[in-house]
């Protein structure tokens, strides 16, 4: 098993991120290449795919090459749609973890590449600008891997008007709040929580005084210590650490990018701040990040779990179980499985199902009608837009877990709570965070 390095996890430093962002990003091998060649009665169908391949959110796109290679092989004979066999072309774009870049590449997909449908994944900084471009230009779009609230409420009148062209599936803030409370309720703490919420799409949603963590935690009997929004790539968390120590914080939560997680944990350890629970979204999701933290600071981190090899679902395309898919990834990459594998795969499951049911692929509105009618069992669970909190939103299950010492891997992500999705089995219990 290939062990992650500090460089693999973007070095968890501001300097390395700036280096990555300034450099020229290599094009993905599949960009602009037809997947289904040969003679065909139908024209080529183009799918655009946008994720953060580089930059501080790059762990979200770590499995992209594997998934795209798998899709290339699966669709090499084309796809049946609207009564004909069509070659399938996947055009990939790297958002570089930058919202402006995400909007730019989405516009390129729409205006230059003339894609028929756009798939986008991973955090509001990627999903939202891409979705906005699709909405503005009348191109069907399916997005995932961002809590539904920051995606859906990206415009003020969303609740009244919704969206015509863009559809999203993932869990919501209500789900992750419940999972985090389950994690903390399993520990003996003073119920004082320090919030680390950045000044970005996720941070503003998670810290919302109306629908975010603070009101929900207070209602559940927890005290929230919120030092305010901070800018991503912050190099000194001394003020936040001092505020948490003064308030007696025993639980830290937030939604951090990988470099900031490394900076905070290192400085907290150095300054003698050792909370019993450290439960964060985003950065704590990935083995490459957790393994790269110094002094085994990744041990005992808790986080939400969207998908694992033990999830009881299978692919509608390949028939693989979650375990078989992760085994294939490890065999191909020599890396530990990572959560985005399942959701990247599922985007192509949904897209293929939509295209097969579309009555006229030259009519974007017909593609949207097929999206609306989706009722598909995928590798991440059932996807249906018929019963979501809003017509453009579908929800997937969420459980909670912890990074614990592994046998074959330095750390394994162990499911420790499944209150909201009991069909997904637990594999251990939550323990207090370990510190050097």
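The values are calculated or read from the model by the stated rules, or taken from the named source; none is laboratory data. Because the structure is a prediction, the values reported are computed rather than measured. Cβ sites come from the backbone with ideal geometry, for glycine too, and all protein chains shown count toward neighbours.
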Exercise. Looking at region 311-320, which of the residues that are within 20 Å of the chain's Cα centre (by Cα) and buried (at least 17 other Cβ atoms within 10 Å of the Cβ) is farthest from residue 414 (Cα to Cα)?
Worked result: 315
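List the strands (runs of 3 or more DSSP E) inside region 334-436, counting only whole elements, that have at least 2 residues being within 30 Å of residue 185 (Cα to Cα) and touching a helix residue (DSSP H, G or I) at 6+ places or on another chain (Cβ under 8 Å). Let's see the steps before the verdict.
Values: elements: 375-378, 381-384, 399-405, 411-417.
Counting at least 2 such residues, we get 399-405, 411-417.
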Exercise. When you go through 261, 233 one by one, which is the residue that is out of contact with any strand residue (DSSP E or B) (no Cβ under 9 Å at 6 or more places or on another chain) and either in a loop (DSSP other than H, G, I, E, B) or at pLDDT 95 or above (or both)?
Worked result: 233
Exercise. Using beta carbons and a limit of 6 Å, which pairs, at least six apart or on different chains, have the first residue in region 257-269 and assigned by TED's automatic domain parsing to the domain that holds residue 231 and free of Cβ contacts under 8 Å to residues at least 60 places away in the same chain and the second one in a helix (DSSP H, G or I) and surrounded by fewer than 24 Cβ atoms within 10 Å (Cβ to Cβ)?
Worked result: 268/241
Exercise. Mind checking which residues of region 220-256 are touching a residue at least 60 places away in the same chain (Cβ under 8 Å) and at negative phi?
Worked result: 232, 235, 250, 251, 253, 256
Seminar exercise, completed: Checked against (1) modelled with pLDDT of 95 or more; (2) under 23 Å from the mean Cα position of the chain (by Cα); (3) farther than 28 Å from residue 126 by Cβ, residue 433 satisfies every condition except (2)
Exercise. Which pairs have Cβ atoms under 6 Å, sit 6 or more apart or on different chains, and link a residue in region 96-109 that is outside the structural domain of residue 60 (by TED's automatic domain parsing) and more than 19 Å from residue 47 (Cα to Cα) to one that is buried (at least 24 other Cβ atoms within 10 Å of the Cβ) and modelled with pLDDT under 95?
Worked result: none
Problem set entry | Test: residue in region 27-40 that is crowded, with 17+ Cβ neighbours inside 10 Å, at pLDDT 95 or above and over 17 Å from the mean Cα position of the chain (by Cα) | no
For this session: Look through region 159-193, keep the residues that are under 22 Å from residue 117 (Cα atoms) and at pLDDT 95 or above, and return whichever of them is farthest from the chain's Cα centre (by Cα).
Result: 164
Problem set entry | Filter result for residue 133 (surrounded by 24 or more Cβ atoms within 10 Å (Cβ to Cβ), over 18 Å from the mean Cα position of the chain (by Cα) and in the same structural domain as residue 320 (by TED's automatic domain parsing)) | yes
